[in-house]
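Okay, structure first, notes after.
The values are calculated or read from the model by the stated rules, or taken from the named source; none is laboratory data. Here the structure is a predicted model, which is why all the values come from computation and not from measurement. Every residue, glycine among them, receives a Cβ derived from its backbone with ideal geometry; neighbour counts consider all protein chains shown. Accessible surface is based on the protein model in full, side chains and every heavy atom, while ligands, DNA and RNA are left aside. Shrake-Rupley method; radii C 1.70, N 1.55, O 1.52, S 1.80 Å.
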Amino acid sequence: MRTCLDLLDGRTGSSITTWSTGRISHHSRKEHTVPTFVQVPRLGRAALATVTAGALAAAGPLVAAPSAHASGVDITCLIGTSQATYDPPLSNTTQTLDIGVTETYGCASLNTSVSSGSTAYSATSEADCLLTANSYPGATRTYHWNDGRSSTITFTVSNAVRAVDGTTTVTSVGTVTAGLGVGGTATRVVVQPQLDLSACATTGVSSTTGTATLAVLPV
């Protein structure tokens, strides 16, 4: 560490010679200016360390700036419903449907005041009552929370599997791309009940209501 004296001299650790003037008188009464030298000693390592420590102590404790990722958003919604409408109604024949979906959730969270949330969206897709397994392309959904904030989630893929009991489970995994919890991961699971097989063969199924869960977790 260079001291102020070092900076003035331009060489680390070297001593600096300063001078002042004194006046002496000769018999001729002529005054001559003679330099009077004062030697400033070089600080040793131990002394320099002592000075440095003292300066740091006088400056007070150093406090690190808080990290932008010091705490992550954790939202877990284990109580939810997913209501879907189909136009035209689902039937045993594969057809292109306009699907409207409304999801509502009751949630618990860490580092936020979120206790509930919801989303609503529409999509166009081919579907039928006989679905056994399917994968859907990615989709972006915005979830609105009770505290006025929102999270935009881009689901990269959604997989649908129909079980032997007739229920259909759709699992979607993605990333929070904007809003609350941005950068975190998101997983949504929707379970639709068994379809009315009689309606599938005749008038079709115009709506379903199933359970839903949603989790937004920090990376």
Discussion item. So Thr104 ticks every box in (1) modelled with pLDDT of 95 or more; (2) surrounded by 15 or more Cβ atoms within 10 Å (Cβ to Cβ); (3) within 22 Å of the chain's Cα centre (by Cα) but one. Which box is left unticked?
Written reply: (3)
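Scan the strands (runs of 3 or more DSSP E) fully inside the range 77-194 and keep the ones with 2 or more residues being more than 24 Å from Val219 (Cβ to Cβ). First the steps, then the outcome.
Numbers: elements: 95-110, 116-127, 133-136, 139-145, 150-162, 168-179, 185-192.
Result: 95-110, 116-127, 133-136, 150-162, 168-179, 185-192.
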Practice prompt. Consider Thr167 carefully, then state whether it is under 20 Å from Ile75 (Cα atoms) and among the polar types (S, T, N, Q).
Written response: no
Worksheet item: If you go through the range 195-219 one residue at a time, how many are open to solvent by less than 60 Å² (accessible area, probe 1.4 Å), outside any strand (DSSP E or B) and touching a Pro at 6+ places or on another chain (Cβ under 8 Å)?
Response: 2
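Please state which one of Thr167, Thr119, Thr187, Thr175 is within 23 Å of Asp87 (Cβ to Cβ), at pLDDT 95 or above and of a type in the set (Val, Ile, Thr).
Going through Thr167, Thr119, Thr187, Thr175 in turn, just one is within 23 Å of Asp87 (Cβ to Cβ), at pLDDT 95 or above and of a type in the set (Val, Ile, Thr): Thr119.
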Fill in: Among (1) among the small types (Gly, Ala, Ser); (2) without any contact (Cβ under 8 Å) to a residue 24 or more places away in the chain; (3) closer than 18 Å to Ala84 by Cβ - the single one Ser198 does not satisfy
(3)
Worksheet, complete the sentence: Over the range 89-127, the set of residues among the acidic types (Asp, Glu) and free of Cβ contacts under 8 Å to residues at least 40 places away in the same chain is Asp98, Glu126
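Quick one: is Ser150 exposed (fewer than 13 other Cβ atoms within 10 Å of the Cβ) and either in contact with a strand residue (DSSP E or B) (Cβ under 7 Å, 6 or more places away or on another chain) or farther than 17 Å from Thr185 by Cα (or both)?
Numbers: exposed (fewer than 13 other Cβ atoms within 10 Å of the Cβ): no; either in contact with a strand residue (DSSP E or B) (Cβ under 7 Å, 6 or more places away or on another chain) or farther than 17 Å from Thr185 by Cα (or both): yes.
So Ser150 does not fit the description; no.
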Fill in: Near pairs, Cβ below 9 angstrom, 6+ apart or cross-chain, from the range 169-188 (within 14 Å of Ala215 (Cβ to Cβ) and open to solvent by less than 50 Å² (accessible area, probe 1.4 Å)) to any residue that is of a type in the set (Asp, Glu) and assigned to a strand (DSSP E or B)
Gly181/Asp74; Gly184/Asp74; Arg188/Glu103
Worksheet item: Among the residues of the range 142-149, is there at least one that is more than 20 Å from Ser116 (Cβ to Cβ) and free of Cβ contacts under 8 Å to residues at least 60 places away in the same chain?
Response: no
